[in-house]
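S.K.: Have a look at this one.
The values are calculated or read from the model by the stated rules, or taken from the named source; none is laboratory data. Model, not experiment: these values are computed from the prediction. Note that each Cβ is placed from the backbone with ideal geometry, even for glycine, and that neighbours are counted across all protein chains shown. Ligands, DNA and RNA are excluded from the accessible area calculation, which covers all protein heavy atoms including side chains. Shrake-Rupley method; radii C 1.70, N 1.55, O 1.52, S 1.80 Å.
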Amino acid sequence: MSTPRPATITPAPAGAPSLSRTTATAARVLRQLRHDPRTIALMILIPCVMLFLLRYVFDGSPRTFDTIGASLLGIFPLITMFLVTSIATLRERTSGTLERLLALPLGKGDLIAGYALAFGTLAIIQSALATGLAVWVLDLDVTGSPWLLLLVALLDALLGTALGLFVSAFAASEFQAVQFMPAVIFPQLLLCGLFAPRDTMHPVLETISDVLPMSYAVDGMNEVLTHTDMTAAFVRDALIVAGCALLVLGLGAATLRRRTA
């Protein structure tokens, strides 16, 4: 009589989405960030400091602050989250942490979603503080609801997180990660409509600006600045920014790979 073979437990396939694996990854990233107060301060406080300085740079012209303050309320979190996320993720790559994680039955989607969830949690805190400071302390005059400003600021911060996760796959050092900022952020900053209306630009530049997510972030903020109610244009802009963030996160999962055989 043959001895029955013991049952084996097959781990969940790496590609299968799992809430538990995603939240475990996010918790690990947050625990690491807790021991890096300088990074937390950079993510949470720098946008507030920049808005505070901007308000008093235009102390003699408060209308100027009202005009550009809402736009920068979305741009500052995007830039900050891009820098911090790209560098922090690159550290995990170069230290071998990602290498060890990818050897586990952990899906790439779970890993990217975990990082996005961790940094997104900080993005919520960052956006709430910056919006509260701008509206209730610095007296940013907006026609629409401050909650809509907060929504766009949060979406911008999540977009910066997604872009940071994506570009970290192409950098070999922290210096190289920072070098991606002129290539990824600066063109969007120049073409988003902050310095000149997009419809007054050269037609080629206007066409390019139409496919850049920061353009819709600025447009969404301007909708809140000038309309009392949520408009169809605002919904369109918010959905485009959110869709771009999800698309870039998907690209980040596709580029996630082991560096050694």
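S.K.: Under 7 Å between Cβ atoms, which residue pairs at least 6 apart in sequence (or on different chains) link something in the stretch 78-91 that is over 17 Å from Pro213 (Cα atoms) with a partner that is of a type in the set (Phe, Trp, Tyr)?
M.R.: Thr85/Phe119; Ser86/Phe180; Thr89/Tyr115
S.K.: Give the residues of the stretch 211-241 that are at pLDDT below 95, among the charged types (D, E, K, R) and either surrounded by fewer than 17 Cβ atoms within 10 Å (Cβ to Cβ) or more than 21 Å from Gly69 (Cα to Cα) (or both), sorted by residue number.
M.R.: Scanning the stretch 211-241 gives a single hit, Asp229.
Per-residue answers, yes or no, for (1) closer than 28 Å to Pro197 by Cα; (2) open to solvent by 30 Å² or more (accessible area, probe 1.4 Å); (3) in a helix (DSSP H, G or I); (4) in contact with a Phe, Trp or Tyr (Cβ under 9 Å, 6 or more places away or on another chain):
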{"position": "Ser86", "(1), (2), (3), (4)": "no, no, yes, yes"}
{"position": "Ala116", "(1), (2), (3), (4)": "no, no, yes, no"}
{"position": "Leu129", "(1), (2), (3), (4)": "no, yes, yes, no"}
{"position": "Gly144", "(1), (2), (3), (4)": "yes, no, no, yes"}
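S.K.: Restricting to the stretch 186-202, and then to whatever is part of a loop (DSSP other than H, G, I, E, B) and open to solvent by less than 60 Å² (accessible area, probe 1.4 Å), can you tell me which residue is farthest from Thr67 (Cα to Cα)?
M.R.: Going through the qualifying residues, I end up with Met201.
S.K.: If you go through the stretch 146-185, how many residues are part of a loop (DSSP other than H, G, I, E, B) and open to solvent by 40 Å² or more (accessible area, probe 1.4 Å)?
M.R.: The total comes to 2.
S.K.: Please work out if Ile79 is in contact with an Asp or Glu (Cβ under 6 Å, 6 or more places away or on another chain) and in a helix (DSSP H, G or I).
M.R.: no
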